[in-house]
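First the structure, in the form of C-alpha cells, and then the observations on it.
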Amino acid sequence: MTEKTNNINQLSDKAVVAYLGDFIHQKRVNQDKSQSQLAEEAGVNRSTISQIENGEPITLISLIQILRGLDSLEVLNSFEIKKQLSPIALAKLEKKQRQRASGKSTDSKNESEW
C-alpha cells in the first residue's frame, strides 16, 4: 500500500476508489467490526460497505458516513484551506514595517518647560 501512496496521482479513478476501499476495509478490520456493525453505526446499507471495499464507487455522503462510523474523519483534514498571502501582498506588508526607531519620547514628563 505504501507504493500506491507515493504514486497516487498516477492512479486511475477506479484505482483510487479501490485504494479508498482498502483503507476502509483495513480500518474496519483493525477495529474488529463486521460490515453489518459498521453499516449500522454509519447509517448506510451493508451493501454500501461491501461496494466500497470491493472497489466500486459510492456517493460522497456515504463515504463521509462510513468515515464517521470508523471515527476517521480526520483524513479530511488535508482539505483544510490555509490563508496565504500573495508575494505582492507580502512585499507591501514588509514595506510598511518600520525600519528605524525615531528616538523621540512621547512621554510628557520628559519635555522641557521652556
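Please treat every number below as a calculation from the coordinates, not as lab data. Keep in mind that this is a model prediction, so the values were computed, not measured. Cβ coordinates were reconstructed from backbone atoms using ideal geometry, including for glycine residues, and neighbour counts include every protein chain displayed.
Taken about its Cα centre, the chain carries a charge dipole of roughly 720 debye when the Cβ of each Lys and Arg holds +1 and the Cβ of each Asp and Glu holds -1.
When peptides 39-45, 75-81, 58-64 are ranked by their average number of other Cβ atoms within 10 Å per residue, the highest-first order is 39-45, 58-64, 75-81.
Along the positive direction of the dipole of the chain (beta-carbon charges: Lys, Arg +1; Asp, Glu -1; about the Cα centre), which of His25, Ala89, Asn77 reaches farthest? Highest projection toward the positive end goes to Ala89. With the convex hull drawn around the C-alpha atoms of the chain, the volume per residue stands at 243 Å³. Calculated mean residue ellipticity, 222 nm, the chain: -15000 deg cm²/dmol, from DSSP H runs (n ≥ 4) at -39500 (n - 2.57) each, averaged per residue and rounded to 500. Charged neighbours of Lys33, selected by a Cβ distance under 10 Å, balance to -1 (K, R count +1; D, E count -1).
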